[in-house]
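Worksheet: one structure, shown below.
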């Protein structure tokens, strides 16, 4: 029944379609350059599926194009086609062959998935706290940071917690993604494979500030990372208002002691600024942050004057009730209004003092 | 029950406009005036139920407007509207003991254009009512999309604040899914299925009318949410808890709108099931049913089994807000992921609810326009049932990154990948039907072939999303947005266009303009691809979905997408122009312009009010093209277009 000429023509169209699809797949950089072992696995699975998909796409394209090309008739043609009702062999073939192909994709995926869940024996543990609309990271129960800093070539086990609604943790170059669910602790493993700067984005719609919920990510050489951690541990101390139970040690390394309170109120203000994640959204020169999600905090004196309140009172109100007075060009509801409860009174006082003093001329 | 007797063609006065026994005044007559005052009255009743209870309980304030709007505005006033418009009249008469005639045809059939604006029990009128109403919501949803595409044209915020933006995105998806795609298919099936079965109407014509009139209530609630303080619901059409229980009041419009759309959907599905099972013409065995009927049979099973789950999930979210329950709030032991499990247990089957009727439409069109029997008819029907069964075992593939039990991922991935098999069977069978056919490349066929090619791309991107490691990277990015638009626009919407062009001559008796139809197809096809194909790319390289603002590196592609989306929107204008002008003064189409064998083409265009003078006798399969002397059905009586005995 099937005409030989039509089949040969279809074969030619198949080859052309496959070449075009392959060029589209290869020439466009569809995926970001990998920065983790897990992303390497994802990219492998991606190419495995792509090869199969190109074949299926080219087959469908070839049949449609050839059918329209060869079997098209004029509108006034009243004849009918041959009454072919089916072909058992063909029908079995196009049930069984796709089943085998998709199962192959399934097996490859399951293997990669199992590999990607494993952070290795020497994994670094990082706790991630998400809230509307900020990220915070905790190392060894001690160091808090609003920047995610990771060592290269070492597995990292993230434990994620949300304070309010569902968020999702994704660094595009590292592939792995995990929702952060209130009431549930979720986990994800990433092994960074190259140093550099990346961005962590929230990918689960979490409210009006969702598109601003990002955090900087820095991958360092192991020694640089350890140095950063030590520096933060010495400068920092335990996060205010939180029971960590691990104050004496950081990563098995004895601390020299005394640094938690030595800096006094100003030091507490500085660490609170870092630990509460203020720098994730606000630029503040003394803290060296330059984020632009919220208004800059470098000229609070002027802002307070404009609002007609003393600067300390203005700063306190803006932390506890962020929607009361809004900086021009910024929207209500983006900044969390929970700091009144989540910060201890001392930490809040110190933070107010830190922000107000440093802006004084 | 009473309406079942309506099957017997015992009314000799078919063609006559029925005259009501007693002409009532404008205020008491079923219609918009009565709907208006009944809605107002029922609003007051609902409002004072709330106020009285709050006053008795000593709660302050007595006038709690959110609760009043919820109860009076979203429950009792719509009931008042339905009562006033006349959707309950027959049942109320029957309940109150007033004389009723079981086959009362007072509201049956359209004799004047005004009859399309009334409660009507004729499945053909209801079909057209569905299509026109859903197209209104399609235009509204498309308009919202153009608004937020303007915002996305450049990085940074230009036109809206982020809450408004989230509201636009959410309302766009909700309108398109709940009050366009799902009910547009119900409209096409309403028109075609009883005719194809050789039945005089649906099994429950009055329930059918009620189903339709519940639909605009849902659409109006979704749109009205923009008037709520705090703006429209802004949590996406998925409306995940606990965010949804903490959002401004607009969220409740979504919770309740879904109830009305869901009730409409369930009632229609029950109606289809009973019609298809009990009202097939003599000789119409299951293996002789057209594939459109098979598709709607399967879809209706999905609707009846799955839709109660989304109704429940939305009630629970709303209870968490207004009654301080803790279904999904972790503070009091609620289980956040429970929402997603319940939601997707509906919403994954809903994906098939939104595509299986389209499969049916495409099977009709490809067989007729290729002048060949559908290839592998029985396997086509069986694969629909395969999708039905597998469709209930794949929901958690929407939750691969959600933090659910890890062991669920691999089984759900395998079942998801396997569902590609019955879907692939359908695609290959369509292709084999084309082969060696006599292909008439008119507008319905163009949309059918456009559908097959776009749906294949959507299906292939679905394979990437089924593979867990890739999904973990691509989930919640623009890749998802691209995928769902390839299956819902390139898939469902293309089939809706194909179906409208295909049955337009039967519905109206007039032919659409073929040239404009083809122009519409090519503009839609090209701009659809320019709009949605780049989204795969921006998603994979790092742009999350549902963001009002994005990193500057994605700026150029987003500008391209926005421009293309405006061109895509403009192509709909051509469709509207074609349909409206052709409806008014298109050339007379004739009874069977496509030379199709299924029964709806064997009656006049438009069909007689009661479809058939005598129930047809089915004698063979529906797609016996090319078989010499083959017939699908034999018709007798006045609705014959030619002697066929």
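Figures for the structure shown
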item: So residue A:111, is it crowded, with 22+ Cβ neighbours inside 10 Å, under 30 Å from residue A:48 (Cβ atoms) and not assigned by TED's automatic domain parsing to the domain that holds residue A:167; result: no
item: Hits in region A:285-309 - residues which are under 18 Å from residue A:329 (Cα atoms) and touching a strand residue (DSSP E or B) at 6+ places or on another chain (Cβ under 9 Å); result: A:290, A:291, A:292, A:293, A:294, A:295, A:296, A:297, A:298
item: Candidate set: region B:371-404, residues that are away from chain A (no Cβ under 11 Å) and in a loop (DSSP other than H, G, I, E, B); chosen: the one farthest from residue A:189 (Cα to Cα); result: B:392
item: Counted residues, region A:28-45 - those being free of Cβ contacts under 8 Å to residues at least 60 places away in the same chain, surrounded by fewer than 21 Cβ atoms within 10 Å (Cβ to Cβ) and at the interface with another protein chain (Cβ under 7 Å from one of its Cβ atoms); result: 2
item: Helices (runs of 4 or more DSSP H) wholly inside region A:308-361 that include at least 1 residues being over 23 Å from residue A:163 (Cβ atoms), away from every other protein chain (no Cβ under 14 Å) and modelled with pLDDT under 80; result: A:345-359
item: Residue check, residue B:357 crowded, with 24+ Cβ neighbours inside 10 Å, farther than 30 Å from residue B:314 by Cα and either outside the structural domain of residue B:470 (by TED's automatic domain parsing) or in contact (Cβ under 8 Å) with a residue 24 or more places away in the chain (or both); result: no
item: So residue B:152, is it surrounded by fewer than 16 Cβ atoms within 10 Å (Cβ to Cβ) and over 20 Å from residue B:490 (Cβ atoms); result: no
item: Region B:331-341, residues that are in contact (Cβ under 8 Å) with a residue 12 or more places away in the chain, surrounded by fewer than 23 Cβ atoms within 10 Å (Cβ to Cβ) and either more than 8 Å from chain A (Cβ to nearest Cβ) or in contact with a helix residue (DSSP H, G or I) (Cβ under 6 Å, 6 or more places away or on another chain) (or both); result: B:341
item: Residue B:519 being touching a residue at least 12 places away in the same chain (Cβ under 8 Å) and either farther than 17 Å from residue B:482 by Cβ or outside any helix (DSSP H, G or I) (or both); result: yes
item: Residue, nearest to the other protein chains (Cβ to nearest Cβ), within region B:408-452, restricted to residues that are touching a strand residue (DSSP E or B) at 6+ places or on another chain (Cβ under 8 Å) and surrounded by 24 or more Cβ atoms within 10 Å (Cβ to Cβ); result: B:439
item: Residue ID - nearest to residue B:372 (Cα to Cα), chosen from residues in region A:67-99 that are assigned to a helix (DSSP H, G or I), more than 7 Å from chain B (Cβ to nearest Cβ) and over 46 Å from the mean Cα position of the chain (by Cα); result: A:70
item: Any hit, region B:442-462, residues being in a helix (DSSP H, G or I), closer than 26 Å to residue B:294 by Cα and over 23 Å from the mean Cα position of the chain (by Cα); result: yes
item: Count of residues meeting criterion [at the interface with another protein chain (Cβ under 8 Å from one of its Cβ atoms), in a helix (DSSP H, G or I) and within 22 Å of the chain's Cα centre (by Cα)] in region A:100-129; result: 4
item: Residue match in region B:341-359 (condition: within 22 Å of the chain's Cα centre (by Cα) and outside any helix (DSSP H, G or I)); result: yes
item: Subset tally (residues that are within 14 Å of another protein chain (Cβ to nearest Cβ) and crowded, with 24+ Cβ neighbours inside 10 Å) for region B:173-203; result: 1
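Results for (1) over 22 Å from residue A:229 (Cβ atoms); (2) assigned to a strand (DSSP E or B); (3) at the interface with chain B (Cβ under 7 Å from one of its Cβ atoms), shown as yes or no for each residue.
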{"residue": "A:150", "(1), (2), (3)": "no, yes, no"}
{"residue": "A:153", "(1), (2), (3)": "no, no, no"}
{"residue": "A:157", "(1), (2), (3)": "no, yes, no"}
{"residue": "A:183", "(1), (2), (3)": "yes, no, yes"}
{"residue": "A:189", "(1), (2), (3)": "no, yes, no"}
{"residue": "A:194", "(1), (2), (3)": "no, no, no"}
{"residue": "A:197", "(1), (2), (3)": "no, yes, no"}
{"residue": "A:204", "(1), (2), (3)": "yes, no, yes"}
{"residue": "A:215", "(1), (2), (3)": "no, yes, no"}
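The values are calculated or read from the model by the stated rules, or taken from the named source; none is laboratory data. The structure displayed is predicted, hence computed values, not measured ones. Neighbour counts are summed over all protein chains in view; Cβ atoms, including those assigned to glycine, are modelled from backbone coordinates with ideal geometry.
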